[in-house]
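Read through the structure below, which is laid out as structure tokens, and then see the notes.
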Amino acid sequence: MVVQTPTPVCPKPPPSRPNPLNPDIFAVLLGPLRAVTYVLLHGGLAAALGSMWAAGWPWSASVLAGAALRMSGQLGYLLLSSVTMNENLFAVMLANVHNLLVRIAAGRRAGG
């Protein structure tokens, strides 16, 4: 008499859950403009740092690349905000930085 071992039955994989960071969800819940600014400020940086970590990049290169991506995301956010508000926010920002530096210089001269 030959005894056959039962073949193992592989269970079905669990149903895939939707990606919690799906840009479509952000576009519906927060509006398309807010979704784009979220991706500019956080999404690109998170994706890049995750892929660099998975690829085994050195820590210092990842930090430098992350800083450059964050800066480009901030500039993109500022550009998008300037377009939507119909205001040159770069000029406003530079004028405020200039005024701050003038006040600091005046305070240092006055303080000796």
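Is at least one residue of segment 4-21 at negative phi, modelled with pLDDT of 70 or more and part of a helix (DSSP H, G or I)?
Within segment 4-21, none of the residues are at negative phi, modelled with pLDDT of 70 or more and part of a helix (DSSP H, G or I).
Across segment 77-112, which residue is nearest to Y38 (Cα to Cα) among those that are assigned to a helix (DSSP H, G or I) and of a type in the set (D, E, K, R)?
Restricting to residues being assigned to a helix (DSSP H, G or I) and of a type in the set (D, E, K, R), the top hit is R103.
The values are calculated or read from the model by the stated rules, or taken from the named source; none is laboratory data. These figures come from a predicted structure and were not determined experimentally.
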